[in-house]
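Worksheet for the structure shown next.
The values are calculated or read from the model by the stated rules, or taken from the named source; none is laboratory data. Since the model is a prediction, treat every value here as computed from it, not as a measurement. Cβ coordinates were reconstructed from backbone atoms using ideal geometry, including for glycine residues, and neighbour counts include every protein chain displayed.
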Amino acid sequence: MTIEAMAEDKIRVALSWRDMDSIGIKYEDLDYRNEQTRLMLDEILETAKEETGFDSTGAKLFVEVFQDAEGGCVFLFTRMKKDSGVKSVSKLRGGRKGLVKIIVRFDTVESLCLYCSVLLKNKRLLPLASSLYTLDGGYYLLLDAFACNYGNFRLFSSEYAQEIRRGTVASSYIEEFGKSVSNGKALEKMAALHFSAY
């Protein structure tokens with residue numbers, strides 16, 4: 001489980017499929033009316049308080065959950081302001097509907113590694129999952145990200161990449177005919193290569 005503070009009132013918690021398996025719960029089973037879900041959320045929030053100082057005691061929380069491409073889940077916890085007008089936050093809101101597959105192409109390993117190291121520091125754009133393929137001499141980074149961030153992704157990526165597009169058809173073609181370099185956490189692996197070069 002990884003916990004990141006995105007803002008003073010917002011944290012991002014990522015659970016791998018192994019984490020989910022050890023808890024004994026699946027994405028499909030997540031329901032705030034389910035006692036196991038509530039216990040899991042309480043445990044996550046307690047750990048988050050210890051690690052980041054995010055304190056939800058007595059606060060209303062807006063909880064969003066998204067299934068990632070590798071079978072895990074990403075939770076976004078937002079502490080609501082008292083005057084937000086939200087009466088209750090007893091439902092988990094999520095799904096994969098808010099996600100989009102983004103394809104970013106690079107001509108060189110150097111530009112790819114630099115891009116990954118910079119993107120990794122940008123918590124606002126951080127994708128949920130990443131894979132890397134080579135095809136026809138190019139390097140294709142496939143990212144699962146929030147659809148609402150696509151415009152920002154294009155703007156950010158244009159400085160480093162040769163091409164940025166989205167869609168499951170294009171990504172399926174790359175997955176079928178490309179050579180897999182890293183299937184999962186490609187962003188972190190390539191960023192580590194950039195840092196090790198200096």
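Before moving on, here are some points about what is shown:
- Which numbered condition residue 49 misses (of (1) surrounded by 13 or more Cβ atoms within 10 Å (Cβ to Cβ); (2) more than 27 Å from residue 131 (Cβ to Cβ); (3) touching a strand residue (DSSP E or B) at 6+ places or on another chain (Cβ under 9 Å); (4) without any contact (Cβ under 8 Å) to a residue 40 or more places away in the chain): (3)
- In region 59-77, the residues that are among the polar types (S, T, N, Q) form Cβ pairs under 7 Å with partners that are outside any strand (DSSP E or B) and surrounded by fewer than 18 Cβ atoms within 10 Å (Cβ to Cβ), at six or more places apart or across chains, as follows: 67/96.
- Each residue in region 78-112 was checked for being touching a strand residue (DSSP E or B) at 6+ places or on another chain (Cβ under 9 Å) and at pLDDT 70 or above, and 16 of them qualify.
- Single residue of 145, 161 found to be at pLDDT 80 or above and closer than 26 Å to residue 41 by Cβ: 145
- Number of positions in region 151-172 that are of a type outside the set (Phe, Trp, Tyr), under 12 Å from residue 106 (Cβ atoms) and surrounded by 14 or more Cβ atoms within 10 Å (Cβ to Cβ): 4
- With respect to the stated conditions, residue 159 is without any contact (Cβ under 8 Å) to a residue 12 or more places away in the chain and not in a helix (DSSP H, G or I).
- Scope region 123-146; condition under 12 Å from the mean Cα position of the chain (by Cα) and surrounded by 14 or more Cβ atoms within 10 Å (Cβ to Cβ); matching residues: 125, 126, 127, 128, 129, 130, 143, 144, 145, 146
- A search for C-beta distances below 6 Å between a residue of region 16-35 that is under 17 Å from residue 74 (Cβ atoms) and of a type in the set (Phe, Trp, Tyr) and any residue that is exposed (fewer than 13 other Cβ atoms within 10 Å of the Cβ) and modelled with pLDDT of 80 or more, counting only pairs 6+ apart in sequence or on different chains, returns nothing.
- For region 144-156, the set of residues classified as of a type in the set (Gly, Ala, Ser) and either touching a residue at least 12 places away in the same chain (Cβ under 8 Å) or in contact with a Lys or Arg (Cβ under 9 Å, 6 or more places away or on another chain) (or both) consists of 145, 147, listed by residue number.
- Boolean, residue 37 is farther than 25 Å from residue 125 by Cα and surrounded by 15 or more Cβ atoms within 10 Å (Cβ to Cβ): yes
- Any hit, region 24-35, residues being over 30 Å from residue 142 (Cβ atoms), within 21 Å of the chain's Cα centre (by Cα) and not assigned by TED's automatic domain parsing to the domain that holds residue 186: yes
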